[in-house]
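What follows is a set of notes on a single structure, which appears directly below.
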Amino acid sequence: MARVGGDEFYILLLEPTRIDLDRRLDRLRVLVENGLYVSNLDKPLGLSAGGAIWRPGDDAYQILAAADAEMYAVKTLHKLTNITTFRSASRIQDVA
């Protein structure tokens, strides 16, 4: 895990397929949705997550940019629909 800036972090996971990655992201979202609280905050934390699969030969910058773009798409969806948690970020187009 690495802090990118502000409240954004990169997490590198060993997930071989997009389905596996979506499942892992869903589990993270459920953990947050079920009540991840910080004692000195008066409201629960939220999570917008995006992901991308790296393959040998892929440009790391492009992979991070793709994950970042997906995360911002999820954030936008949250704002438009007032949904606090959205599962399976790769299926955004199915709800938009």
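Summary table below
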{"read-out": "√(5λ) per eigenvalue of the Cα gyration tensor, region 2-78, largest first, Å", "value": "24, 14, 11"}
{"read-out": "Among 49-61, 21-33, 5-17, the order from most to least packed when residues are scored by Cβ within 10 Å on average", "value": "21-33, 49-61, 5-17"}
{"read-out": "Förster radius 35 Å - calculated FRET efficiency between L12 and N40, Cβ distance, rounded to 0.05", "value": "0.75"}
{"read-out": "Spacing of the two label points (7 Å from each Cα toward its C-beta) at I19 and D68, in nm", "value": "3.1"}
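None of the figures in this text is laboratory data; all of them are computed from the coordinates on show. Here the structure is a predicted model, which means the values were calculated and not measured. Note that each Cβ is placed from the backbone with ideal geometry, even for glycine, and that neighbours are counted across all protein chains shown.
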